[in-house]
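The values are calculated or read from the model by the stated rules, or taken from the named source; none is laboratory data. If you're wondering where the values come from, they're calculated on a predicted model, not measured in any experiment. FYI the Cβ positions are ideal-geometry reconstructions off the backbone, even for glycines, and counts take in every protein chain you see.
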Amino acid sequence: MKWRGRRGSSNIEDRRGGRVSRRAGGGLGIGAIVLFIASIFFPQYVPLLQMVGIGGGGSGLSGGGYQTSQPGPGVDDDAREFLGVVLADTEDVWNTIFRENGARYQPPTLVIFSGTTTSPCGPATAASGPFYCPADSKIYIDPAFYQIMDRRLGASGDFAQAYVVAHEVAHHVQNLEGTIPRVHRYRQSVSKLEANKATVRLELQADCYSGVWTNRIQRSKGVLEEGDVREALNAAFAIGDDTLQERQRGHVNPATFTHGTSEQRVNWFYRGLESGDTGVCDTFSQDYEDL
């Protein structure tokens, strides 16, 4: 991805550079994400809003200890520049899409942190991975997480990293559209199985929106390089519920899926990529078995 020297977003809150105050032992369970984005926030937050990350939960893999830091003044480095450029690209695309539909886009803020920080959705840690918090419309990410993507899942490349940001921004779009609140209300009135299915629909739509963004950013700016799309598809495949459960448990349990299979995640990302139209991303109107 051609990102150096391009416009960066001003909607960045960099909390790095603070003082490390203690070492927290034991780590947090990271579920089926294999340290690849625990989309389940934390038990104290409402059930649906615990699930707007990029990967599914459930394997119980521990991330080990992590550094606890006081918020700092930020760091001017490649990670900040890269994340700023990707966020700016999402702003450009979603501003256009919202305008096409007679609406005004309100961009999220991206919080960059190191080790751990606080959020209304619970503590954000390097182990929990990137997530979107609907309570404050902010995306939380520790850049060190990208090393975990590469080393643990083989999901390498700058566009795989951009896909992570695009997926979280897609959850912000769903929040603006009212989809997240609607799904949350629905989940409160149905069984655990049906609640999980609703969350799968939400996550697959976010994957599709990420594909729409990829299509639009290439059409408008031509910033993709050879292999970029393959990196995103590889990342989407690596975080399918079935792939992650098989890796961690040796078997899969579809009743516990919260994000979709690897095939579903790749297919829905590709739908958005192929069309560049959010209209193809309606995961809520078809039979669950046909997703």
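Assorted remarks:
- Ser156 meets each of the listed conditions (1) part of a helix (DSSP H, G or I); (2) touching a residue at least 60 places away in the same chain (Cβ under 8 Å); (3) of a type in the set (Ser, Thr, Tyr) apart from (1).
- Helices (runs of 4 or more DSSP H) wholly inside segment 214-283 containing at least 3 residues that are under 22 Å from His171 (Cα atoms) and among the basic types (Lys, Arg): none
- Residue satisfying all of: in segment 184-197; in contact (Cβ under 8 Å) with a residue 60 or more places away in the chain and under 13 Å from Tyr288 (Cβ atoms); surrounded by the fewest Cβ atoms within 10 Å (Cβ to Cβ) among these: Leu193
- The residues of segment 72-120 that are modelled with pLDDT under 95, part of a loop (DSSP other than H, G, I, E, B), of a type in the set (Ser, Thr, Tyr) and surrounded by 18 or more Cβ atoms within 10 Å (Cβ to Cβ), listed by number, are Ser114, Ser119.
- Residue match in segment 261-270 (condition: among the aliphatic types (A, V, I, L, M) and free of Cβ contacts under 8 Å to residues at least 60 places away in the same chain): yes
- Any chance Arg201 is assigned to a helix (DSSP H, G or I) and within 28 Å of Ala88 (Cα to Cα): yes
- Hey, Gly84 on the phi > 0 side of the Ramachandran plot, of a type outside the set (Phe, Trp, Tyr) and under 18 Å from the mean Cα position of the chain (by Cα) or not: no
- Taken over segment 184-199, the criterion of being hydrophobic (A, V, I, L, M, F, W, C), closer than 17 Å to Ser285 by Cα and out of contact with any Phe, Trp or Tyr (no Cβ under 6 Å at 6 or more places or on another chain) is satisfied by Ala195 alone.
- Pairs are defined by a Cβ separation below 9 Å, a sequence spacing of at least 6 or placement on different chains, a first member in segment 76-90 that is small (Gly, Ala, Ser), and a second member that is in a helix (DSSP H, G or I); the pairs so defined are Ala79/Tyr146.
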